[in-house]
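The values are calculated or read from the model by the stated rules, or taken from the named source; none is laboratory data. Bear in mind the structure is a predicted one, so any value in this text is a computation, not a measurement. All Cβ positions, glycine included, derive from the backbone under ideal geometry; neighbour counts span all protein chains shown.
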Amino acid sequence: MIAVATAGPTALTVDPHSIDYFRLSPMLIVFGAAVVAVLVEAFAGKNVRYRVQLWLAGGGLVAAFVALMFVTASYRRDGASSAMSGAVVIDGPTLFLQGAILVVSLGSIAVMGERRLDRVWAPLEIRTAAGERIAVGGSGGPDTPDDPDATLPADAFTPSGATVPGSPDELIAGRAGAITTEVFPLALFAIGGMLLFGACGDLLTMFIALEVLSLPLYVLCGLARRRRLLSQEASLKYFLLGAFSSAIFLFGASFAYGATGSVSLGQIGAAVAGSGPQPAADRTLALLALMLIVVGLLFKVGAVPFGSWVPDVYQGAPTPVTALMASATKVAAFGGLLRVLHVGFPALQSDWRPALWVVAIATMVVATLMAVTQADIKRMLAYSSVSHVGFALVGAITISRAGISSTLFYVAAYAVSAFGAFALLSVVRDGTGREATDIASWAGIGRSRPLVGAMLSLFLLGFAGIPLTSGFIAKFAVFGAAGAGGAWPLVIVGVICSAIAAYFYIRVIVAMFFTEPPAENAPTVVTPSLLTSVPIALSAIITLLLGVFPQWLLDLANSAAHFFAG
């Protein structure tokens, strides 16, 4: 046992033997795979690096999911516990959310490795603005074709992230078949941070997890192969706003320590309620801490007015990264928000519930109205994502077991559908080879490629909350929990916004099945490899199954809906 003196009213006691490596194993496996991936990036040859990174990332996530199953069995037998001197908590919500994150993250990693959907022009030489001719490739081999009009298979990421978009250096990298394989270790670090974020037992660990999951995403958002300037703009916006939100969160953590003498959420909750061994918390400081911490978390979930970054970032980021952010990041962020509200500050619910009612209503209304005006399907789905944050908040701010379980079910069901919808966007291309994100470009797709149209329709109907989809069950669960808690105004606003949202979802379905395709620049559907087709198909199947047979996941969420306060 090591006692460390601090400047605060209490001493920080660290027991090095209290680290439960077994219960930390899912996170340790992901972080370990990320570290190994960095070494592979540094030392492996470029000809094998892509395959090694893809298999390492996928295998690491599968191994983490298997470890999670063993940890879950241990949890059901022995109950919840703190795994690292109280800094990490392994309880029902932690395990449920980690399972959802690993499932959608594995699909995102697979889509990141897809190389059949895009092709890039590979000229033998290019001419600079000054008229200078530069050779950009030799002859021989599948990666350096002799045909001056040849194209090469490519993924969604730029061949050289350090180059200027459209520069000779970027074209040379593309001609050489360069692959930005560093996206795999970056994604693994982000996923590891997501797994940790919802499991944090204190605010400092939560801040570290927030930075670990955010920093790689800032980089990944700026690595799109197509529309590089839009991608780099999205990355910069996300980075700047993310830095502000992190600073606000940390400022709130300092107020929490000043009010309670601790950064542990369990001890903060006891001090605010006046039930702990330490003196009761200063209420004014506690309210300031709560306000700042929640603002930082609401930025990460993308709630109005803190989610202004979502449409720009989702539109500009590479689509596999967008799919990861819209699914796994949302799950992790709600895990952190639920733990702060239900463990750290439940005694102040009479103060924070009215404010979060306003945030939830504003999020549902503003995002729904903005989505109606969008002509770009990727941007429309981004606003849809924001509106679903409002629906999930309806359950999150209901201080009850039903509120927790309904929110857990909602974020898990939405994550699967959101991943499938964004991944599906990448298979439809316009005449220039770019993703056909304009809604008008999808005209007739449902008749020419019925399977693509049917799957996107299923995801959209799920977002709208139509019966026999997971979205209907999820909305029914959160509205039922809110109604039981007396939050009928939230339920009424949610139902009205769901009805309005059905318009812009059905508009896409009408364009796919009942509109003639454009005469020029008609979109085409590129047949992907199993890396993309299998995750999309599984997402569609789960979306349908959860609408028809949802009870197993509802029971799982209900059994997990209890936070361990230490």
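Summary of values
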| quantity | calculated |
| --- | --- |
| Residue check, ILE506 within 26 Å of the chain's Cα centre (by Cα), outside any helix (DSSP H, G or I) and not aromatic (Phe, Trp, Tyr) | no |
| Which listed residue, of LEU458, LEU425, is among the aliphatic types (A, V, I, L, M) and modelled with pLDDT under 95 | LEU425 |
| In the range 280-312, residue nearest to PHE422 (Cα to Cα) [restricted to those that are crowded, with 23+ Cβ neighbours inside 10 Å and not hydrophobic (A, V, I, L, M, F, W, C)] | PRO311 |
| Within the range 298-375, helices (runs of 4 or more DSSP H) holding 3 or more residues that are without any contact (Cβ under 8 Å) to a residue 24 or more places away in the chain and out of contact with any helix residue (DSSP H, G or I) (no Cβ under 7 Å at 6 or more places or on another chain) | 349-372 |
| Considering residues of the range 159-177 that are surrounded by fewer than 17 Cβ atoms within 10 Å (Cβ to Cβ), small (Gly, Ala, Ser) and under 31 Å from the mean Cα position of the chain (by Cα) only, the residue farthest from ARG227 (Cα to Cα) | ALA162 |
| Looking only at the range 39-53, and only at residues there that are buried (at least 16 other Cβ atoms within 10 Å of the Cβ) and not polar (S, T, N, Q), the one that is farthest from the chain's Cα centre (by Cα) | ALA44 |
| When residues of the range 273-310 are limited to those that are β-branched (Val, Ile, Thr) and either within 27 Å of the chain's Cα centre (by Cα) or modelled with pLDDT of 90 or more (or both), the one nearest to THR363 (Cα to Cα) | VAL304 |
| Among the candidates ALA511, ALA561, ALA537, residue that is over 30 Å from ARG116 (Cβ atoms) and touching a residue at least 12 places away in the same chain (Cβ under 8 Å) | ALA561 |
| Any chance PRO517 is over 18 Å from PHE409 (Cβ atoms) and in a loop (DSSP other than H, G, I, E, B) | yes |
| Single residue of LEU461, LEU468 found to be touching a residue at least 40 places away in the same chain (Cβ under 8 Å) and not in a helix (DSSP H, G or I) | LEU468 |
| Cross-chain or 6+ apart pairs with Cβ under 7 Å, the range 474-498 first and more than 20 Å from PRO550 (Cα to Cα), then part of a helix (DSSP H, G or I) and among the hydroxyl-bearing types (Ser, Thr, Tyr) | CYS497/THR368; CYS497/SER387 |
| Condition met for ALA501 (closer than 30 Å to ALA402 by Cα, touching a Ser or Thr at 6+ places or on another chain (Cβ under 8 Å) and part of a helix (DSSP H, G or I)) | yes |
| Qualifying residue in the range 194-214 (condition: closer than 30 Å to ASN47 by Cβ, modelled with pLDDT of 95 or more and surrounded by 21 or more Cβ atoms within 10 Å (Cβ to Cβ)) | no |
| Failed criterion for GLN551 (all others in (1) of a type outside the set (D, E, K, R); (2) exposed (fewer than 15 other Cβ atoms within 10 Å of the Cβ); (3) touching a helix residue (DSSP H, G or I) at 6+ places or on another chain (Cβ under 8 Å) hold) | (3) |
| Residues being at pLDDT 90 or above and surrounded by 15 or more Cβ atoms within 10 Å (Cβ to Cβ) - total across the range 508-524 | 5 |
| Candidates LEU106, LEU56, LEU61, filtered to the one that is over 17 Å from SER559 (Cα atoms), modelled with pLDDT of 95 or more and over 18 Å from the mean Cα position of the chain (by Cα) | LEU56 |
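To keep it simple, each residue is scored yes or no on (1) over 16 Å from the mean Cα position of the chain (by Cα); (2) crowded, with 24+ Cβ neighbours inside 10 Å; (3) of a type in the set (Val, Ile, Thr).
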| position | (1), (2), (3) |
| --- | --- |
| MET370 | yes, no, no |
| THR373 | yes, no, yes |
| ALA382 | no, yes, no |
| SER385 | no, yes, no |
| VAL389 | no, yes, yes |
| ALA402 | yes, no, no |
| ALA415 | no, yes, no |
| PHE419 | no, yes, no |
